[in-house]
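Chemist: Next up is a structure, given as structure tokens.
The values are calculated or read from the model by the stated rules, or taken from the named source; none is laboratory data. Quick caveat: nothing in here was measured; it's all calculated off a predicted structure. Heads up, the Cβs are rebuilt from the backbone with ideal geometry, glycines too, and the neighbour counts pull from every protein chain shown. Accessible surface is based on the protein model in full, side chains and every heavy atom, while ligands, DNA and RNA are left aside. Shrake-Rupley method; radii C 1.70, N 1.55, O 1.52, S 1.80 Å.
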Amino acid sequence: MEQTNPKANFSNFPINGVSRNHVVTIMPVPAKKLVIKNLKSTPELPEDYMNQTWKKLKGAVVAIQQSKANQYSLEELYQAVENMCNHKMASLLYKKLQSLIEVHVSRNIEQFVAESMDRYLFLKKMNETWQAHCQQMIMIRSIFLYLDRTYILQNHISSIWDMGLELFGKYILLNTLVQTRVVEGLLMLIEKERQGDQVDRSLLKSLLRMLTDLSIYNVSFEQKFIQATERLYAAEGQCLMQELEVPDYLVHVDKRLAEENERVLHYLDSATKYQLIHTVEKQLLREHVSQILQKGLDQLLTEYRLTDLGLLYDLLSRVKNGIVELCSAFNAFIKKRGKTIVINPEKDKSMVQELLDFKDDMDTVVTKCFHKHERFTNSLKEAFENFINQRTNKPAELIAKFIDSKLRAGNKEATEEELERLLDKIMVLFRFIHGKDVFEAFYKKDLAKRLLVGKSASVDAEKSMLSKLKQECGGGFTSKLEGMFKDMELSKDIIQAFKLVHTSNKKLSQIDMTVSILTMGYWPSYQHMEVSLPEYMVKLQDVFKEFYLNKHSGRKLQWQPTLGHCVLKARFNSGPKELVVSLFQSLVLLLFNDCDELSLEDIKVATNIEDGELRRTLQSLACGKARVLLKTPKGREVQDEDHFKFNAEFVNKLFRIKINQIQMKETTEEQKATEERVFQDRQYQIDAAIVRIMKMRKSLTHNLLISELYLQLKFPVKPADLKKRIESLIDRDYMERDKENSTQYNYVA
Amino acid sequence: MADENENEKMDNENQKPEKMFTLKKWNAVAMWSWDVECDTCAICRVQVMDACLRCQAESKKDSYGKQDCVVVWGECNHSFHYCCMSLWVKQNNRCPLCQQEWSIQRMGK
Ligand SMILES: [Zn+2]
Ligand SMILES: [Zn+2]
Ligand SMILES: [Zn+2]
């Protein structure tokens, strides 16, 4: 409470609310010099001077009090005061003035205690009385200015202004009844305003100033006001939390806070602000934080209501623990919502896109609504990492497949910059994945397809993705993927060298042959199949194999017919076409150069292609979009007794026609095989990491080694498994237990 | 079709224009690996197609580790990582599998 200055002085007054216009007209020219005259040479005074002069001054004061015209000039009155003071009558003058004011003030009380006035009228009356008092005191003071500046100053007694205040307080406001009426009236007005009514703010302001000037603002008003505020908003909070939707409630609270701030600005003492706002915040917010979050946050986030979320953040940041609770509710929402995206196998198709969108949305919420508060950024990451790993392996697999769909040729939906940005976003998801090696295994499968079939949309994008992965997980992680690119480059060199040597071979130059030589271990493992090729193709293979093994001793080559593909020239009645087909499709079609019609069994014997694979191949040629073979009887599926014929009447707009091989659905066994390999690879990676760490550190305790391993490994692993690998490495003499400290290992060089 | 003569015939016919299908372009795929009896190096117990354990531990940036970490065959026809074997022979100049005296028959390339 700052209102402890009882000597609110004259020059302050106009700020307190009384119009200055009146004052100016009545004020003496203020340039009067303060001259203390020599008291020894006091001039003789006429007898009865004191009575005469006082009578004059009294007349003037009474005229002011009764708002009547003054008989004497201000200068004359002023001089009279100066004279009296200089003739040792100052004390007397002060007392006389005091009792004159006292009489007047005390007379004013009657109207406030007597009748039971209407509250509002009462306040109006009180304000008028107060305003009048102040104006009178200003005028009186200007007459008695000399007294103020000499006698009062020297004797440290209340100035004329303060004396007036003291008397006003003593006779009017310190009357319990009057004071209670004033305060209750004020509270009633404020309550009315809070209910939405228009009230006379200048009346409120003036009367509150009066309380401050009389030093009773704090004791008589402020405490009751805060109590009333607390009561009102406690009830309002309870009620509106039930009645309103959270966003509406928040808007209401925001409005209340703005109103209360305005109240301070317009008529409350500024010292009340802290307590007032704090009380509102406590009753409307702090008391309801958990309910607000429980009832409203999920909805706001689901409906992506940024403005409301921003308001929620701003409001909750005003109360203790508000941000902490908001953040943990935010975290819980992400985990709950994220889990529904990730956990349901039926939604696998859209999982990654949904994750990307969800991440985008939540990022925007943190940036735009939560002011990028670090607590929220971290919490967002933690929540994503948590829920994305609720389902083992699948998100990793789907992220890999998603990337494939974006890197594959034909994906023209994005410019290079857009693709780059998308890849960056996917990397953010990838970062959350615990089983990074599961991702690698599936990524590799798709990459292999893109490289072998020449389906990659852009080498730059491939390289860019690879370098992102390398940056994220280190060179060890990407070395095999890089090896695949390297294989493709080396294959080009080899086939060039091969062609250079065999240019003279006529048979070879007929067919444009390329060979992709894959390093086993870099690439996914493929099921091996033996098929029967036409002899000239077998010869071609053999010539190449010999050439290759000559260059690379100690190696062996295994052909992968499942991965081969060809371009066939075809002659239809409508004209020549080129067919882009798989090796299996080629083998089947080439048979029809010699026979017009073949049964399923004939084809099986001739090609030696595995039954299921063969049926799918025939289906693609005879039941698909481009039917270059005719099947009898007709039908979608290939049956045992079916016969096939060359479709000479085949027509197609295009010259070059790609006939897609029907892909076998990835079986659970294949899926398992991929996971099994991942698991096998993990053993090697753990071993390598242990050796790497031990080589660098030379000796380490068990616990330190384990914790370093957890930093390096890109997949989840149990401590027991790590222990097994350590034992195995001790067996193989890569490291040993310390002879004195059995919990410590030493590296064996 | 399994008939030799028919294959020969077809081979010749491949150049004749009146055939319905002619092979124009062929992208074949093959997988290479070391020509070894046992896939795993008995010294480091890593597959010989992968770099040996020490090379794996070291090669953070050397992503083409294989060129340095090749396979070596002894006269006994047993094979190991060259790295592993060269450390092994420093202590014991015998094949860890058959205990014959170690001498290099050939190296992978
Ligand atoms: Zn080895
Ligand atoms: Zn090595
Ligand atoms: Zn041996």
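Chemist: In terms of the Cα gyration tensor, with a ≥ b ≥ c the square roots of its eigenvalues, is region A:624-667 rounded because a/c is under 1.5, prolate because a/b exceeds b/c, or oblate?
Modeler: The shape class here is oblate.
Chemist: Less than 20 Å apart at the alpha-carbon level, and either on another chain or at least 8 residues along: which lysines does that give for A:Lys634?
Modeler: Excluding near neighbours in sequence, the set is A:Lys604, A:Lys625, A:Lys645.
Chemist: Report, in whole Å, the centroid distance computed from the Cα atoms of region A:293-360 and region A:157-186.
Modeler: Result: 58 Å between the Cα centres.
Chemist: Shifting gears a bit: Once you order the gyration tensor axes a ≥ b ≥ c over the Cα atoms, which shape class does region A:513-586 get: rounded for a/c under 1.5, otherwise prolate or oblate by comparing a/b with b/c?
Modeler: It is prolate, given that a/c is not under 1.5 and a/b is the larger ratio.
Chemist: Provide a whole-number value for the mean count of partner chain Cβ atoms within 10 Å of the Cβ atoms in peptide A:682-691.
Modeler: 4
Chemist: Using only DSSP helix segments of four residues or longer, with each worth -39500 (n - 2.57), what per-residue ellipticity at 222 nm results for chain A after dividing by its residue count and rounding to 500?
Modeler: -19500 deg cm²/dmol
Chemist: Please count, across region A:669-747, the pairs of lysine residues with Cα atoms under 29 Å apart that sit 8 or more places apart or on different chains.
Modeler: For region A:669-747, qualifying lysine pairs total 19.
Chemist: Let me ask you something else. Take each of the peptides A:679-691, A:188-200, average the number of other beta-carbon atoms within 10 Å over its residues, and list them starting from the highest.
Modeler: Descending mean neighbour count gives A:679-691, A:188-200.
Chemist: How high is the relative contact order of chain A? Use alpha-carbon pairs under 8 Å, at least six apart in sequence, and give a whole percent.
Modeler: Reported relative contact order: 7 percent.
Chemist: So, one more: How far, in nm, would the chain grow between A:Glu597 and A:Leu174 when pulled straight, counting 0.36 nm per residue and subtracting the alpha carbon separation?
Modeler: This chain segment gains 140.1 nm when fully extended.
Chemist: In peptide A:519-525, what is the residue-averaged number of other protein chain Cβ atoms found within 10 Å of each Cβ?
Modeler: Mean number of neighbouring Cβ atoms from other chains: 4.
Chemist: Calculate the spin-label point distance for A:Lys455 paired with A:Val717, positioning each point 7 Å from the Cα along the beta-carbon direction, and give it in nanometres.
Modeler: Spacing of the two 7 Å Cα→Cβ label points: 3.3 nm.
Chemist: If packing is taken as the mean number of other Cβ atoms within 10 Å per residue, what is the order of A:159-168, A:590-599, highest first?
Modeler: Peptide ranking by packing, descending: A:159-168, A:590-599.
Chemist: Also, quick follow-up: Rounded to the nearest 0.05, what FRET efficiency is calculated for A:Arg119 and A:Thr340 with R0 set to 45 Å and r the Cβ-Cβ distance?
Modeler: Given R0 = 45 Å and the Cβ-Cβ separation, E is 0.15.
Chemist: Extending each Cα 7 Å along its Cβ direction at B:Asp39 and A:His156, get the distance between those two points in nm, one decimal.
Modeler: The modelled label-to-label distance comes out at 10.5 nm.
Chemist: Still on this structure: Whose amide H sits under 5 Å from the amide H of A:Phe646, counting only residues 5 or more places off or on another chain, with H placed in the peptide plane?
Modeler: Those qualifying (amide H under 5 Å, at least 5 residues apart or on another chain) are A:Leu630.
Chemist: For region A:49-159, how many pairs of lysine residues have a Cα-Cα distance under 15 Å, where the two are 8 or more positions apart or belong to different chains?
Modeler: Eligible lysine pairs with Cα atoms under 15 Å apart amount to 8.
Chemist: Considering only C-alpha atoms, what is the centroid distance from region A:420-480 to region A:567-620, in Å?
Modeler: 36
Chemist: Between A:Asp424 and A:Thr364, what is the spin-label point distance in nm, taking each point 7 Å from the Cα along the Cα→C-beta axis?
Modeler: 1.8
Chemist: Taking the Cβ of A:Lys339 as the centre, find all other residues whose Cβ is under 13 Å away and add up their charges (Lys, Arg: +1; Asp, Glu: -1).
Modeler: Value of the local net charge: +4.
Chemist: Measure nothing but the geometry: give the 0 to 90° angle between the long axis through the Cα atoms of A:535-551 and the longest principal axis through the Cα atoms of chain A, rounded to 10°.
Modeler: 70
Chemist: Against the longest alpha carbon principal axis of chain A, how many degrees, from 0 to 90 and to the nearest 10, is the axis of helix A:351-364 turned?
Modeler: 20
Chemist: Indicate the gyration tensor shape class of region A:399-491 (rounded, prolate or oblate), computed on the Cα atoms with a ≥ b ≥ c the square roots of the eigenvalues: a/c under 1.5 is rounded; otherwise a/b larger than b/c is prolate and the rest oblate.
Modeler: Since a/c reaches 1.5 but b/c is at least a/b, the shape of region A:399-491 is classed as oblate.
Chemist: Moving to a separate point now. Can you pull the mean other chain C-beta count within 10 Å for peptide A:553-561?
Modeler: 6
Chemist: So how much slack lies between A:Lys658 and A:Arg149, counting 0.36 nm per residue of separation and subtracting their Cα-Cα distance, in nm?
Modeler: So the extension gain works out to 172.2 nm.
Chemist: Say the cut-off is 21 Å between C-alpha atoms; which of A:Lys282/A:Lys381; A:Lys455/A:Lys499; A:Lys406/A:Lys470 go over it?
Modeler: Over 21 Å Cα-Cα: A:Lys282/A:Lys381; A:Lys455/A:Lys499.
Chemist: For region A:392-532, what does the accessible surface come to per residue with a 1.4 Å probe? Please give it in Å².
Modeler: Each residue of region A:392-532 exposes 45 Å² on average to a 1.4 Å probe.
Chemist: For chain A, find the longest principal axis of its Cα atoms and tell me its angle to the long axis of helix A:176-194, 0 to 90°, nearest 10.
Modeler: Relative to chain A, helix A:176-194 is tipped by roughly 30 degrees.
Chemist: If you stretched the chain out fully between A:Lys724 and A:Lys95, how much longer would it get, using 0.36 nm times the residue separation minus the C-alpha to C-alpha distance?
Modeler: 216.0 nm
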